[in-house]
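To keep things clear, I will list the structure first and then write my remarks on it.
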């Protein structure tokens with residue numbers, strides 16, 4: 001009888017796990033599209049040059065797009081990202097329907113699936129504005145954060161639906177450090193998005209110095225963090241001067257140092273915890289943190305190699321999910 005009662009949750013758990021993996025893939029593909037300068041590969045939304053499939057060649061363009069230059073590779077990158085994002089939206093819709101159909105069950109999470117549904121609808125709007133507002137940094141950064149938020153909430157749903165989740169013991173100070181680490185990680189992801197969308201990843205070309213052997217070169221922080229610059233500006237390849245891009249890059253570096261210290265202290269604290277599950281999470285957290293720092297340094301020294309830059313986005317997502325898992329396990333013990 002208990003197995004029959006748990007069956008709906010197991011189906012939802014498997015679907016939520018699959019959807020989480022799909023959301024992770026959408027983040028990676030979105031990063032690949034952005035970093036390969038394909039964000040405007042299609043000048044319209046949701047189609048591409050008025051079609052639901054990327055045009056094969058220049059001769060396929062007509063109407064308002066006849067005088068446009070088609071970059072087939074970029075168009076296909078953008079459309080593949082949209083197809084994956086659309087599939088993610090459908091999967092979240094199914095999760096919401098399943099949650100509503102089981103709403104009378106005691107353990108059924110109901111709020112999370114519907115928050116996810118609203119979030120993915122807003123994400124679609126941000127995707128449209130990314131194109132129509134010509135990759136405006138504020139919109140693209142918000143779109144990136146929306147993707148990470150979608151993944152985080154899906155993973156939280158997985159943790160809530162997972163059968164037989166074990167509890168873990170953590171002190172009040174450890175839980176406070178977990179929350180601080182999560183907040184710092186969110187801030188650093190935001191800074192990373194702002195760095196990428198303003199084409200400031202190479203604002204410094206050396207490590208540990210910035211460029212020309214300077215630790216603190218000329219920087220323009222006022223221009224670096226202007227959130228909204230009005231409409232009608234094409235932000236592809238960036239509009240900021242080098243001093244502003246350097247200011248963004250250096251801010252992200254300082255954020256990385258703060259993240260390394262705080263999350264590193266948390267990882268070491270978890271490694272000394274009595275709970276074996278939290279010790280394993282501490283080891284995972286430390287490993288992913290060091291990998292993420294290494295990827296960031298490689299981005300600078302290698303002048304932003306595309307596979308490394310995409311992996312850097314994936315590392316941020318894995319760090320976020322590890323911190324969420326750690327917090328969830330410690331909260332279940334209370």
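The values are calculated or read from the model by the stated rules, or taken from the named source; none is laboratory data. Bear in mind the structure is a predicted one, so any value in this text is a computation, not a measurement. Glycine gets a Cβ as well: all are built from the backbone with ideal geometry, and neighbour counts include every protein chain shown.
Criterion applied to 236, 274 was being out of contact with any helix residue (DSSP H, G or I) (no Cβ under 7 Å at 6 or more places or on another chain), assigned by TED's automatic domain parsing to the domain that holds residue 321, under 22 Å from residue 31 (Cα atoms) and outside any helix (DSSP H, G or I), and the one residue passing it is 236. Residues of the range 12-44 that are more than 21 Å from residue 123 (Cα to Cα) and surrounded by 18 or more Cβ atoms within 10 Å (Cβ to Cβ): 12, 13.
Taking the range 151-194 as the search range and keeping residues that are assigned to a loop (DSSP other than H, G, I, E, B) and buried (at least 19 other Cβ atoms within 10 Å of the Cβ), which one is modelled with the lowest pLDDT? My answer is 168.
Residue-wise test of (1) touching a residue at least 60 places away in the same chain (Cβ under 8 Å); (2) outside any helix (DSSP H, G or I); (3) over 17 Å from the mean Cα position of the chain (by Cα).
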residue: 89; (1), (2), (3): no, no, no
residue: 98; (1), (2), (3): yes, no, yes
residue: 105; (1), (2), (3): yes, yes, yes
residue: 109; (1), (2), (3): no, yes, yes
residue: 116; (1), (2), (3): no, no, no
residue: 121; (1), (2), (3): no, no, no
residue: 126; (1), (2), (3): no, no, no
residue: 131; (1), (2), (3): yes, no, yes
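Out of all the residues in the range 212-228, which are farther than 30 Å from residue 285 by Cα, surrounded by fewer than 16 Cβ atoms within 10 Å (Cβ to Cβ) and free of Cβ contacts under 8 Å to residues at least 40 places away in the same chain?
Within the range 212-228, the first condition is being farther than 30 Å from residue 285 by Cα, and the residues that meet it are 212-214, 216-228.
Cutting the leftovers down to surrounded by fewer than 16 Cβ atoms within 10 Å (Cβ to Cβ) gives us 212-214, 216, 218, 221-222, 225-228.
Hits for the range 212-228 are 212, 213, 214, 216, 218, 221, 222, 225, 226.
Within the range 314-334, none of the residues are exposed (fewer than 15 other Cβ atoms within 10 Å of the Cβ) and within 20 Å of residue 190 (Cα to Cα). Restricting the search to the range 45-85, which residues are within 26 Å of residue 21 (Cα to Cα), without any contact (Cβ under 8 Å) to a residue 40 or more places away in the chain and surrounded by fewer than 17 Cβ atoms within 10 Å (Cβ to Cβ)? Correct list: 47, 52, 53, 73, 83. Condition check for residue 260 on (1) over 21 Å from the mean Cα position of the chain (by Cα); (2) part of a helix (DSSP H, G or I); (3) without any contact (Cβ under 8 Å) to a residue 40 or more places away in the chain: one failure, at (1).
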